[in-house]
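Asks: Below you'll find the structure I mean.
Please treat every number below as a calculation from the coordinates, not as lab data. If you're wondering where the values come from, they're calculated on a predicted model, not measured in any experiment. Quick reminder, even Gly has a Cβ in these numbers, built from the backbone with ideal geometry, and neighbours come from all protein chains shown.
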Amino acid sequence: MERTFAFLGPRGTNTEEAARLIFREEDDVFRPYRTIPDCLEAAADGKVNYAVVPWENSLEGSVNLTLDWIIHKINLPILSELIIPISHQLSCAKREHPLALSDVTKVLSHPQAIAQCHNYLRDYLPHAEIEYVSSTAEAARLVSEHPEEPWVAISAMQAVHSYPVMLLAENIEDTENNFTRFIVLGEKPLVLPDSEKHKTTILVTMPSDFPGALHQVLSAFAWRRINLSRIESRPTKTGLGNYHFVIDIEQKMDDVLLPGAFAEMEALGCQVRFLGTYPVFIKQRNGAELSLRS
Ligand SMILES: O=C(O)C(=O)C[C@]1(C(=O)O)C=C[C@@H](O)C=C1
């Protein structure tokens, strides 16, 4: 049966690579959208079955736009997580001779990608202006459409192959430990391969003026020996100092332990919203195939 996936486009983004790595049925259809909110809204409005969006990067931290849209705008469960290594390539529009780095006036890319290449940019392109665009593939596309301009793009290799650009430098990310987590959201359950690793994500909103609230929330997990892998705070947008907490729990939803922890937090006056319980798939840097970290 056909499954449709919205991804942050245009073709050649890291998000598209992540989506195509895991969803490989013959009938799987991938549709590019211009922004992360567009992807999420397309899934929420039923224009596609699922949205695949970036969620967290090992160098730059959370993708706040994704967090905020999930917290404030849509109500779709997280169905799966994909973690892939990210490498960035520098390219210019196809021309007779490669552009000299000293002649480059502008570097285009997604803000997360620029942040992951700070060292290279400081060392080799300190004179160039930075222009943030909606995705790394959009940067390659824009650069390819302006061959008369001394511009370069930072993008994935797939974008270098997808647009008329030429490679100037390979793997310019600050460290090899550059991984991005992507999540898949949608209304219908997804048929996925088995995974050894699972997570559950919740959103906790504390009552205001409650001394030690965060400590008590954490102790609901600690004394049950439940492992957490991330706590991210985001403003509730109701006033300075008010926060939601997105909490990643290193296990599947169960019948006893997690409901017990959630009930304990609710008894403290916290609101607990369940965002999903899902398998995790990880591609190692040197593995051609998707593999699971044990
Ligand atoms: O622009 C892309 O290629 C994306 O898929 C987005 C994105 C992100 O938002 O983090 C994904 C992975 C990299 O971390 C850089 C950019």
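Asks: Could you tell me, in Å, what Rg and Dmax come out for the Cα atoms of the stretch 2-161?
Replies: 16.5, 50
Asks: Hey, another quick one. Sum -39500 (n - 2.57) across every DSSP H segment of at least 4 residues in the chain, then divide by the residue count to get the 222 nm mean residue ellipticity, nearest 500.
Replies: -7000 deg cm²/dmol
Asks: Which peptide among 128-134, 277-283 comes first, and what is the full order, when sorted by highest mean count of other Cβ atoms within 10 Å?
Replies: Put in order of decreasing packing, that is 277-283, 128-134.
Asks: From the phi angles alone, apply the Karplus equation (6.51, -1.76, 1.60; θ = phi - 60°) to the stretch 238-248 and give each ³J(HN,Hα) in whole Hz, x where the residue is Gly or Pro.
Replies: These are the phi-based 3J(HN,Hα) values: 10, x, 4, x, 9, 10, 9, 10, 8, 10, 9 Hz.
Asks: How many Å³ per residue does the convex hull of the Cα positions in the stretch 89-169 occupy?
Replies: Residue-normalised Cα hull volume stands at 74 Å³.
Asks: In debye to the nearest 20, how big a dipole does the chain give about its Cα centre with +1 on each Lys and Arg Cβ and -1 on each Asp and Glu Cβ?
Replies: It comes to approximately 400 debye.
Asks: Related question: I need the peptides 14-26, 237-249 ranked by packing, meaning the mean over residues of other C-beta atoms within 10 angstrom, with the highest value on top.
Replies: Averaged packing, sorted descending, gives the order 14-26, 237-249.
Asks: Another one. For the stretch 198-279, what are the per-bin percents of Cα-Cα distances with bins 10 Å wide, up to the bin holding the maximum?
Replies: The calculated distribution, bin by bin, is 18, 56, 23, 3.
Asks: Given 4 °C and 1.567 mPa s, compute D for the stretch 1-96 with the Stokes-Einstein relation, Rh being the Kirkwood radius over Cα pairs; round to the nearest whole µm²/s.
Replies: 90 µm²/s
Asks: Could you tell me how far the Cα centroid of the stretch 33-83 sits from the Cα centroid of the stretch 168-191, in Å?
Replies: Rounded to whole Å, the Cα centres lie 13 Å apart.
Asks: Report the Stokes-Einstein translational diffusion coefficient (µm² s⁻¹, integer) for the chain, Rh taken as the Kirkwood radius over Cα pairs, at 4 °C with viscosity 1.567 mPa s.
Replies: Translational D for this selection: 63 µm²/s.
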